[in-house]
Amino acid sequence: MEAAVNFSKIKNEYSYSDYKKLVIAQAENRHTSGIEQLPERIEATKINAQRMKRIDKHVELFNELKGVLKNIKKNWTWFVLVESWCGDGAQNLPVIAKIAESSLNIELKILLRDENPEIMDGYLTNGSRSIPKLICIDSDTQEEIGTWGSRPVKIQQMVKEFKAQFADTPHDEFVKNLHLWYAKDKGESLQRDFEKLLTEWVIG
């Protein structure tokens, strides 16, 4: 399947290591990525820098997922759209990076959403610029293999149920619950999602 956008028009791309350095530097300098330098986003960036450091230390891939990774024979590029203030990005990127690092056939490139509006608008989620958003491209043919985002299926279902039951909950309270769910999940749902997705993408 042909990619929805031209990935040659990317503005700035980061390895996971460089992206993490960016987030840490922004946190230290009371700054954030993206167009809006809002106080709450600057504070979120500070929290996300610590969050990513912590998850990096503890993430371990399931043997089932490692087995699926061994079946990848073609070269893939994973483009992930995100911003440093994005809590879902900080929760999921360390695991995504670990998955990519575990395969010689996957190259991970991180893009800032607001710097790449054309790419983002080619991969909306229910009409929204939801992040993180991963697009898997065949590195040799430039064909689109598949996408993922912006949350693990299980976490997103919990979000849907929470909002249906507690529609009037303040945003800060919702965010607090969201990160508690992520903390309890410990990346398991994301790994299960990718175990299934990678199997489908390999089969084609």
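Name the residues in segment 134-163 that are among the charged types (D, E, K, R) and touching a residue at least 12 places away in the same chain (Cβ under 8 Å), would you? Hits for segment 134-163 are Asp138, Asp140, Glu143, Glu144, Arg151, Lys154.
Is it fair to say Lys109 is among the basic types (Lys, Arg), closer than 18 Å to Asn12 by Cα and under 9 Å from the mean Cα position of the chain (by Cα)? No; evaluated as a whole, the condition is false for this residue. Taking the criterion of being farther than 21 Å from Glu143 by Cα and in contact with a Cys (Cβ under 9 Å, 6 or more places away or on another chain), would at least one residue in segment 58-72 satisfy it? No: zero hits. Considering segment 128-153, and only residues there that are of a type outside the set (S, T, N, Q) and surrounded by fewer than 15 Cβ atoms within 10 Å (Cβ to Cβ), the residue that is nearest to the chain's Cα centre (by Cα) turns out to be Val153.
Looking only at segment 1-45, residues that are of a type outside the set (Gly, Ala, Ser) and in a loop (DSSP other than H, G, I, E, B) come to 15 in all. Can you confirm whether segment 165-182 contains a residue that is touching a residue at least 24 places away in the same chain (Cβ under 8 Å), under 30 Å from Asn12 (Cα atoms) and buried (at least 20 other Cβ atoms within 10 Å of the Cβ)? The answer is yes; a qualifying residue exists. State yes or no: is Lys53 part of a helix (DSSP H, G or I), among the basic types (Lys, Arg), surrounded by fewer than 17 Cβ atoms within 10 Å (Cβ to Cβ) and modelled with pLDDT of 95 or more? Yes: the conditions hold for Lys53. Considering (1) modelled with pLDDT under 95; (2) over 14 Å from the mean Cα position of the chain (by Cα), the lone condition that Thr125 does not fulfil carries the number (2).
Has segment 193-202 got any residue that is modelled with pLDDT of 95 or more, farther than 23 Å from Arg51 by Cα, charged (D, E, K, R) and surrounded by 16 or more Cβ atoms within 10 Å (Cβ to Cβ)? Yes, the conditions are met somewhere in segment 193-202. Do you know which residues across segment 69-101 are aliphatic (A, V, I, L, M) and either surrounded by fewer than 24 Cβ atoms within 10 Å (Cβ to Cβ) or not in a strand (DSSP E or B) (or both)? Scanning segment 69-101 gives Leu69, Ile72, Ala90, Leu93, Val95, Ile96, Ala97, Ile99, Ala100.
Filter segment 112-138 for residues that are among the aliphatic types (A, V, I, L, M) and in a strand (DSSP E or B) and give the result.
Within segment 112-138, Leu112, Leu134, Ile135, Ile137 qualify.
Can you name the residue in segment 1-58 that is in contact with a Gly (Cβ under 9 Å, 6 or more places away or on another chain) and basic (Lys, Arg) and is also farthest from Cys86 (Cα to Cα) among such residues? Among those residues, the one meeting the criterion is Arg51.
Output the residues belonging to segment 164-196 that are farther than 18 Å from Trp148 by Cβ and not in a helix (DSSP H, G or I). Listed by number, the residues that qualify are Phe166, Ala167, Asp168, Thr169, Pro170, Lys186. Just to verify a result, which residue in segment 1-23, among those that are surrounded by 12 or more Cβ atoms within 10 Å (Cβ to Cβ) and aliphatic (A, V, I, L, M), is nearest to Thr125 (Cα to Cα)? Among them, the one singled out is Ala4. Of all the criteria given as (1) part of a loop (DSSP other than H, G, I, E, B); (2) surrounded by 13 or more Cβ atoms within 10 Å (Cβ to Cβ), the one not satisfied by Lys109 is (1).
The values are calculated or read from the model by the stated rules, or taken from the named source; none is laboratory data. From a predicted model like this one, the values you see are computed outputs, not experimental measurements. In this analysis, Cβ positions are derived from the backbone assuming ideal geometry, glycine residues included, and neighbour counts consider all displayed protein chains.
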